[in-house]
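The values are calculated or read from the model by the stated rules, or taken from the named source; none is laboratory data. Fair warning: this is a prediction, and the values are worked out from it, not measured in the lab. Positions of Cβ are backbone-derived with ideal geometry, glycine not excepted, and every protein chain shown enters the neighbour counts. We work out accessible area using only protein heavy atoms, side chains counted, and drop any ligands, DNA or RNA first. Shrake-Rupley method; radii C 1.70, N 1.55, O 1.52, S 1.80 Å.
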Amino acid sequence: MTAVASDFAVRAGGSRQLSHTGTLLRFALRRDRMMIPVWVAVDALMVLSMPGTLKGLYGTPAQRADLADQMATNTSLRALVGPVFGQSLGALTAWRIGVYAGLLAAVMSLLVVVRHTRDEEESGRQELISSAMVGRRAPLTAALLTAGVANAALALVITAGLSGQGTAGALALGLGVGGVGLVFATMAAIVAQLTESARLARGLTAAVLGAAFVLRAAGDAGENGGSSVLTWLSPLGWLENERSYAHERWWVLLLFAAAALLQGAVAYALAGRRDLGMSFLPTRPGPATGRLGSAGALAWRLQRGGVLGWSLGFFLAGLVYGGMTDGAAKFVGDNAKAREIFQRMGGHSGLTDAFLAAMVGIMGLVAALYIVAAVLRLHGEETSGRAEAVLANAVGRLRWAAGHLLIAFGGAALLMLLAGAGFALGYGGKTGPILGACLVQLPAVWVIGGLAVLLYGVLPRGALAAWGVAGAALLIGWVGPALNLPQAVLDASPFGHLPKLPGGQMTWAPVLTLTGIAVVLVAGGLVALRRRDMSG
């Protein structure tokens, strides 16, 4: 049977199209041997930490029933986390973290696929590889298989970790999270054929993911049972409507499979109709004479799309979180455990201030992801060879790097300002205190950015480890208070040393100390960059 199938593939040209796929797959997995395990670990730990947390929050059937009743009427929180379909710990875990686990799986998948497709073409490495005996469809296949391995590992860890709550529900949730990842992996594969820039491919796929989240949120805000048409238009809504631990709807998994197969077929069809390095939406030619008069202007031209996209997202997130502040206070009610978690995250002040401080802290953690991405643009410019052309002119390394770092560190400040403006508009007051609370997050964000600069300057091959640092800070800040981790663990993150505002007491010592540490880290990275060889 295998021989017949192999003979048919050879006659159809299939073996030539996919030749050396296995080699490219092994190479991709080797390149991502740090990135994929970090993403899988962060996502899985977020899921697996939930049952214990929820057991402390809603330990009795009466408390869980009361939670379901409150969610049925609280539209703002339902838009954020979705409706409750069951009252077991497993069902509450799927409700509380399922959509966000799928969101992280989607981000991981789009980054993996774009990295091994459009990034490779843009850098010129794919042309070199394709000059050997590598099949035309092998690179795309290897990229999708790499994303498939990552999502399979994530699904396996979630299933194994939650099996104590029920095997069927754990399997449904694991497959659903992995299914969301595969849908956006194939979506990224399509976008990588349409665009000429890896940056644009990542941005457009992330925009589709953001639209999927908004559709799901709008649908859940309108209807309690997840039955809205808007919810069903989103893959994140499919994950929700799979109803893990609540009479699972196994047929929903067919939607993930059908979408992945259909999008994969479209990606292969597009890949077969274009030349290597080209795209269906080519970049418009620039003006005959250059308009960029400095390295900083070039850095802004390269990063402005990311800055604008992140800015819009932070403002909208602040608006949403601000608008749900009163609803969150009512939702917590007399639940002492929930109040305690918010106070650990946001400080021992009134519940409203504690909630605001906790949400501001989360925005700071997310801003750390932005600053790492912006700093590592230096690494991308160097490895692609574009930095060499810039530095061959009368542009020094420090001036070249300074343009990108100004956008990275200044952009983080802009994001937190816009988040504060959104909070103030959504909540309808406390403009000054909320803006101050957002700006207080910046020293910790800058420390994460400084570590990224230091890694890039000293050990460029290990610069991507900065993502692991940002991911660890996010995990500690988000999950640590819920798990009541020791203070020593919480203090491992720079965010653990910041004053809890609004509501708490402003202390300048940690703020100034963290700012000084960030300055030292950036300076160390720039000194190392100036002295080392450029990879080109």
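Put 31, 199 in order of accessible area, largest first, 1.4 Å probe: what do you get?
199, 31
Using a 1.4 Å probe on the protein heavy atoms, what percent of the accessible area of the chain belongs to carbon and sulfur?
67 percent
Suppose the chain between residue 269 and residue 491 were pulled fully straight at 0.36 nm per residue; how much longer would it get relative to their current alpha carbon spacing?
74.8 nm
Ignoring ligands, DNA and RNA, how do 517, 371 rank by accessible area with a 1.4 Å probe, largest first?
Of 517, 371, the descending order of accessible area is 517, 371.
Local charge sum around residue 506 (other residues, Cβ-Cβ under 14 Å, Lys/Arg +1, Asp/Glu -1)?
In short, 0.
Using a 1.4 Å probe and counting only protein heavy atoms, arrange 533, 66 so the residue with the most accessible area comes first.
533, 66
Zone of residue 214 (label point 7 Å along Cα→Cβ, backbone N under 12 Å): which residues in the range 221-241?
none
Would you please classify the overall shape of the chain from the alpha carbon gyration tensor, given that a ≥ b ≥ c denote the square roots of the eigenvalues, rounded means a/c under 1.5, and beyond that prolate means a/b larger than b/c while oblate covers the rest?
Oblate, since a/c reaches 1.5 and b/c is not below a/b.
Accessible area of residue 18, 1.4 Å probe, to the nearest 10 Å²?
Its accessible surface works out to 80 Å², give or take rounding.
As an exercise, identify the chymotrypsin sites (Phe, Trp or Tyr not before Pro) in the range 168-269 lying in DSSP coil whose Cβ has no more than 12 other Cβ atoms within 10 Å.
Of the chymotrypsin sites (Phe, Trp or Tyr not before Pro), the ones in loops of the range 168-269 whose Cβ has at most 12 other Cβ atoms within 10 Å are 250, 251.
Residues with beta-carbon under 11 Å from that of residue 202, excluding residue 202: net charge, scoring Lys, Arg +1 and Asp, Glu -1?
+2
Let a ≥ b ≥ c be the square roots of the eigenvalues of the Cα gyration tensor of the range 52-161; is it rounded (a/c under 1.5), or, if not, prolate (a/b larger than b/c) or oblate?
Judged from the Cα gyration tensor, the range 52-161 comes out prolate (a/c at least 1.5, a/b above b/c).
At R0 = 30 Å, how high is the FRET efficiency between residue 312 and residue 229 if r is their beta carbon distance? Nearest 0.05 is fine.
After rounding, the FRET efficiency stands at 0.75.
Per residue, what accessible area does the chain have, given a 1.4 Å probe and all protein chains present, in Å²?
For the chain, the solvent-accessible area averages 44 Å² per residue.
Residue 98: net charge of surrounding residues, Cβ under 9 Å, Lys/Arg +1, Asp/Glu -1, itself excluded?
-1
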